[in-house]
1. Among the residues in segment 182-198, are any in contact with a Lys or Arg (Cβ under 9 Å, 6 or more places away or on another chain), of a type outside the set (A, V, I, L, M, F, W, C) and surrounded by 24 or more Cβ atoms within 10 Å (Cβ to Cβ)?
2. Can you name the residue in segment 276-332 that is in contact with a Ser or Thr (Cβ under 8 Å, 6 or more places away or on another chain) and among the polar types (S, T, N, Q) and, of all such residues, is farthest from VAL256 (Cα to Cα)?
3. Being in contact with a helix residue (DSSP H, G or I) (Cβ under 7 Å, 6 or more places away or on another chain) and either of a type in the set (Ser, Thr, Tyr) or closer than 18 Å to ALA129 by Cα (or both) is the filter here, so list the residues in segment 32-43 that pass it.
4. Looking at ARG122, ARG114, ARG150, which one is farther than 24 Å from VAL251 by Cα and surrounded by 17 or more Cβ atoms within 10 Å (Cβ to Cβ)?
5. I need the strands (runs of 3 or more DSSP E) fully contained in segment 135-201, keeping only those with at least 3 residues that are among the aliphatic types (A, V, I, L, M).
6. May I ask you to say which residue of ALA21, ALA72, ALA15, ALA65 is under 29 Å from LEU302 (Cβ atoms), over 17 Å from the mean Cα position of the chain (by Cα) and modelled with pLDDT under 90?
7. State the number of residues belonging to segment 330-378 that are more than 21 Å from ALA271 (Cα to Cα), of a type outside the set (A, V, I, L, M, F, W, C) and not in a loop (DSSP other than H, G, I, E, B).
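The values are calculated or read from the model by the stated rules, or taken from the named source; none is laboratory data. What you see is a predicted model, and the numbers here were worked out from it, not measured in a lab. All Cβ positions, glycine included, derive from the backbone under ideal geometry; neighbour counts span all protein chains shown.
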Amino acid sequence: MTAFSLNPEQTARCAELRTLAAERLRPLAEKGEPGHVNRPLVAALGELGLLDCLFEERGAGGEQAGARARGAGALDLCLMRESLAYACTEAETALALQGLGAHPVHAHGSAAQRERWLPPVRAGHAVAAFALSEPGAGSDAAALSLAAERDGSGGWRLTGEKCWISNAPEADFYSVFARTSPGAGSRGVTAFLVPADRAGLTGTPLDMLSPHPIGALAFDGVRVGVEDVLGEVDRGFRVAMTTLNRFRPSVGAFAVGMAQSALDATLAHTAERTAFGGTLKDLQSVGHQVAEMATRTEAARLMVYAAAAAYDSEGPQGPGIARRAAMAKLIATETAQYVVDAAVQLHGARALRRGHLLEHLYREVRAPRIYEGASEVQRTIIAKELYAHQEEPPA
């Protein structure tokens, strides 16, 4: 891919994914119950091989071979999420949540953890969840209060709450972030793999605006051992941030897919709808509005692709990766909100009816500006990165 266009193979793959989402996945999504894990849909994603694309290849020694592996790169993930979102947001979200929940296991888990959980995740038989947010620490990952206290047998007991957790309480396992060293900020957080059937772990579904499952988790002395640690003790903040940096550009791709879907619906509607002696597209105000929607969508798309390409080229710890990921998520999610809202306005009352594409997108588009770091958090990350790498002024 150049900085300006996709190659023919990528373009064909995107078209194939849109068709697949519309014909194979959307019917399954429509049969699902809002607010609950749609296991037939997740299983179909596994059967079609789409979940395999969430994970980088690993070398013989277990280390990551890099995101350049065919079908596993950040750019490939963005193209897939954008294409699925265009035709079936539920399928896109189900796929993304599998990746978010299982990536800490894939990238930081032991051989035993990977062998136990990744095959069923890839097959769509096990549902994963990423349990970072808390009632008092939604976007401030360094302020976690879920306590991991030593239990005298070499393990810990988890006590506290998690909230706003996608796929909770119906997931099969959780990547959980808990405080192992009080008062240590980001340096005192450890990541654990916690199976859903672990004693003392309970959950409650939350009734949210967006249709995918979100819930709260309660930990009442849930025991975890050394074998449950993901990565290193007190180094869980790095596990969380590398996971978010991996998926933030593709959150932007999800948003771009929704924006493009709304834009195309608007083009079709304004070309056909008659008003004031002609079609809506003949009105200069409408034409200018559509041009603005299209321009912003394309700008967001290019920033998402650039952030993903940088991740593929430099790796998760590369220079500027956090800044690029934050910029991509920020502009794409804010743009999608603008485009979908403008599309609703140009469609009029029909877009507000239950079951209309734009009514669906209007509910879906709001959440991405908050989850995986709200827009304000992304701006904070961008500013921090800019000042941290500010060049010395000339003498």
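1. yes
2. THR279
3. So the first thing to find is which residues in segment 32-43 are in contact with a helix residue (DSSP H, G or I) (Cβ under 7 Å, 6 or more places away or on another chain), and the list is 32, 38, 40-42.
Of everything in segment 32-43, those that are in contact with a helix residue (DSSP H, G or I) (Cβ under 7 Å, 6 or more places away or on another chain) and either of a type in the set (Ser, Thr, Tyr) or closer than 18 Å to ALA129 by Cα (or both) turn out to be ASN38, PRO40, LEU41, VAL42.
4. Result: ARG114 is the single residue among ARG122, ARG114, ARG150 that is farther than 24 Å from VAL251 by Cα and surrounded by 17 or more Cβ atoms within 10 Å (Cβ to Cβ).
5. Working: elements: 147-150, 156-166, 173-179, 189-195.
By residue number, 189-195.
6. On the way: ALA21 fails: modelled with pLDDT under 90; ALA72 fails: over 17 Å from the mean Cα position of the chain (by Cα); ALA15 fails: modelled with pLDDT under 90.
So the residue among ALA21, ALA72, ALA15, ALA65 that is under 29 Å from LEU302 (Cβ atoms), over 17 Å from the mean Cα position of the chain (by Cα) and modelled with pLDDT under 90 is ALA65.
7. Count: 13.
Quick grid of which residues meet (1) assigned to a strand (DSSP E or B); (2) of a type in the set (Val, Ile, Thr); (3) buried (at least 23 other Cβ atoms within 10 Å of the Cβ):
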{"residue": "VAL222", "(1), (2), (3)": "yes, yes, yes"}
{"residue": "SER250", "(1), (2), (3)": "no, no, yes"}
{"residue": "THR270", "(1), (2), (3)": "no, yes, no"}
{"residue": "GLU298", "(1), (2), (3)": "no, no, no"}
{"residue": "ARG324", "(1), (2), (3)": "no, no, yes"}
{"residue": "ALA328", "(1), (2), (3)": "no, no, yes"}
